[in-house]
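Every read-out reported here was derived from the displayed coordinates using simple, explicitly stated rules and does not represent laboratory data. Because the structure is predicted, anything quoted here is derived from the model rather than measured. Cβ: placed from backbone, ideal geometry, glycine included. Neighbour counts: every protein chain shown.
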Amino acid sequence: MSSSASHAITIVDCGTGNLHSLQRQLRNSHADTTVTKDPASVRSATKLVLPGVGHFGTAMERMRATGMVEAIREAVLERGVPVLGVCLGMQLMARKSAEGDCEGLGLVDAEVVRFSVKDSLRYKVPHVGWNRIRVRRQSRLFDGIAEDAEFYFVHSFHFAAVDEAIAVGDSRYDYEFTSAIEHGNIFGIQAHPEKSHDAGSKLLENFVGL
Amino acid sequence: MIPVLLLRNGGLVKTTRFGAAAYVGDPLNAVRIFNNFRADELVLLDVDATREGRTIPLEVVRSLSEEARMPISFGGGIGTIEQIRSIIAAGAERVVLGSAALERPSFVAEAASTFGSSTIVVCMDVRREVFGRYRVTHLNGTKRTDHGPADFGKRMEECGAGELIVQSVDRDGTMSGYDLELVEAVSRSVTIPVVALGGAGSVDDMRKAHESSHASAVAAGSMFVFHGSRRGVLISYPDPRTLANPGRSGGD
């Protein structure tokens, strides 16, 4: 595969998200980005990004209505196209979510649940702000990123019941939760790398360079 | 630590008690400087939008979001779902609702269910009345309402707001410290993050708001743009290590 083809990234527009900063940061990493709502472009994509902001139920509803769900499943599960889910995009890859109480894309064996904090004066929900991601094992996504690097989070829901083989990083907010996944061609991060200064840029660069 | 920047006629201003405004510079330049300081995040509010019956200009949202390497929340005159959609499409991470949240709490509920709670921030401008009672105000602090800040905060949480910015109108621009009593009252009444705003003059003020008033994060205007007793304009950002809890990092 030529280098230009491997750097082509298709960003799936789920209808509610903020795509500009992600697109800009991917371009800074020399990716050739296309934003699409069209399942046909996903069917011919060589690398996918599922971006970030919004409501799980609303996003799934939109993608189900347009046939995007099948297109993504086919690309990722049958063709083995590398996919990066960011924030809500990572959650969408799960089997189901408590947000909107509905099924997800089912790319990985996990569920999405709401934060259930004990100390609600100290740990407000959503979890907003900078936090560390502790990387548990060798990771292509976190390659070259400092162990104490912090990432920017904004979320009320998180991954749970995650298969050990899939989870690659976790963060602590009253308790530990899975904040990054990596399994074969499937990658996800609960934080916003596009808004996480240098560590975030490095992570996106790693994905572009896969 | 969150710098709050006020937009007026395409430039940035800083007010005192919501009144006299000093010009403090160009917004794009300010964003570049805060990038270099690795600021935690920014809040940008168009202070004339509601009164002039418009919303924050999309080209401003677009150009600043493109430049920023940290999250920016935008506010100013936002009152419809379509406006939020276009502001997010232009690059905002989150939107800040003010007057619309006060007048139509159901709009906050609709916005949260469409865009997710994490995207919706409500900013309340609070004045302390003669006998010490707090009341939420709107239209740049000129109109009072009958809402107490703790109850209003609770109501906003029930509607699905993901965060509250609690701004003391009386402390605005004074650099005399946050209204700790106000911040604590709201923090205790809700389980969503509360950001203290109004009065910060030092990192010590910020530490107090976080440690004793349970603010999840601390925001300021003057402290980041003025320098010295004569209030010369110089954008700065304290070393996060000077705060025990860096910014509002959720970790331990």
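Some notes on this structure:
- Share, in percent, of DSSP beta bridges within region A:94-197 that are antiparallel, nearest 5: 95 percent
- Peptide B:191-198 is shielded by partner chain Cβ atoms: per residue, an average of 3 of them sit within 10 Å of its Cβ.
- Spin-label model, A:Ala65/B:Ser236: points 7 Å from Cα along the beta carbon direction are separated by 5.2 nm.
- Whole-angstrom gap from region B:31-65 to region B:204-223, using each part's C-alpha centre: 22 Å
- Using the average count of surrounding beta-carbon atoms within 10 Å as a protection proxy, the listed peptides B:68-74, B:7-13 rank, highest first, as B:68-74, B:7-13.
- With N as its number of residues, region B:1-97 has a Cα radius of gyration that, divided by 2.2 N^0.38 Å, comes to 1.01.
- The orientation-averaged shadow of the Cα convex hull for region A:4-107, equal to a quarter of the hull surface, comes to 5.6 nm².
- Among the listed pairs A:Lys47/A:Lys202; A:Lys37/B:Lys154; A:Lys118/B:Lys154, those beyond 26 Å (Cα-Cα): A:Lys37/B:Lys154
- Averaged over peptide A:21-28, the number of partner chain Cβ atoms lying within 10 Å of each residue's Cβ comes to 3.
- Cut-off of 10 Å, at most 11 other beta carbons, DSSP loop: longest stretch of chain A lacking such GluC sites (Glu not before Pro): A:1-146
- In the protein assembly as shown, a dipole from Cβ-located charges (positive for Lys and Arg, negative for Asp and Glu) runs towards its positive end, and of A:Gln91, B:Thr174, B:Gly77 it is B:Thr174 whose Cα lies farthest in that direction.
- Note on region A:27-75 and region A:90-154: Cα centroid distance 20 Å, given to the nearest whole angstrom.
- Here the label points at A:Asn28 and A:Ser41, each 7 Å from Cα along the C-beta direction, are separated by 2.3 nm in the simple model.
- Taking amide H atoms as placed 1.01 Å from N in the peptide plane, the amide H of A:Lys47 lies under 5 Å from those of A:Thr10, each 5 or more residues away in sequence or on another chain.
- Given charges at beta-carbon only (K, R positive; D, E negative), |dipole| of the protein assembly as shown in Debye: 800 debye
- Spherically averaged projected area in nm², based on the convex hull that wraps the Cα atoms of region B:153-252: 6.6 nm²
- Shape category assigned to region A:52-210 from the gyration tensor of Cα positions, a/c cut at 1.5: oblate
- Annotation: aspartates and glutamates with alpha-carbon distance below 16 angstrom to A:Lys124 (same-chain offsets under eight excluded): A:Asp174, A:Glu176, B:Glu157, B:Glu158, B:Glu163, B:Glu184, B:Glu211, B:Asp252.
- Note on B:89-95: average number of Cβ atoms from other chains within 10 Å of each residue's Cβ is 5.
- Packing order of peptides B:47-60, A:20-33, highest average first: A:20-33, B:47-60 (average count of other Cβ atoms within 10 Å over each peptide's residues).
- Mean-square fluctuations from a GNM of chain B, with a 10 angstrom spring cutoff on Cα atoms, peak among B:Ala22, B:Ala92, B:Ala39 at B:Ala22.
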